[in-house]
Amino acid sequence: MAIKIVGIYLFLGLVFLALVELTTHRITRKFNDVVLDNRIQSADVGAPVSARIAGIMTAVNLWVQWPLLAVSLLVNKTKKGDGK
């Protein structure tokens, strides 16, 4: 039962991220900057990683934490609607 719930969660995340990318192109515009930040943070703690590994880590992190992206998109949308 728990495996099905996790599978559904990850599937919904994949669909949501694909829809966000197709509509806003926000992920591809900011992905390289986030990967670079990930590499710098890894090097700061003494575990330097390659760009490929940092990209994989970033993509998996975004996939697992996709509800945070949904919330940030909703917050940005409401701020724009308020005229701020």
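The values are calculated or read from the model by the stated rules, or taken from the named source; none is laboratory data. This structure is a prediction, so every number in the text was calculated from the model and none was measured. Positions of Cβ are generated from backbone atoms using ideal geometry, with glycine treated the same way; all protein chains shown enter the neighbour counts. When the accessible area is computed, the model is the full protein with side chains, heavy atoms only, and any ligands, DNA or RNA have been set aside. Shrake-Rupley method; radii C 1.70, N 1.55, O 1.52, S 1.80 Å.
Quick notes on this one:
- Using the Karplus relation 6.51 cos²θ - 1.76 cosθ + 1.60 with θ = phi - 60°, the per-residue 3J(HN,Hα) values for the stretch 25-38 come to 6, 6, 5, 5, 5, 9, 5, 5, 5, 5, 4, 5, 4, 4 Hz, with x marking Gly and Pro.
- Equivalent ellipsoid semi-axes - Cα gyration tensor, the chain, angstrom: 25, 20, 11
- Annotation: per residue accessible area for the chain equals 78 Å², rounded to a whole number [probe 1.4 Å, protein chains only].
- Charge-dipole axis of the chain as Lys and Arg at +1 and Asp and Glu at -1 on Cβ define it, positive-most pick from 55, 5, 23: 23
- Ranked order, 37, 44 - accessible area, probe 1.4 Å, largest first: 44, 37
- Here residue 16 sits with roughly 50 square angstrom of accessible surface, probe radius 1.4 Å.
- Total charge dipole magnitude, the chain, about the Cα centre, Cβ charges on Lys, Arg, Asp, Glu only, Debye to nearest 20: 260
- What a 1.4 Å probe finds exposed on the chain is 70% carbon and sulfur by accessible area, rounded to a whole percent.
- Highest-MSF residue in the chain out of 69, 12, 22 [GNM, Cα springs under 10 Å]: 22
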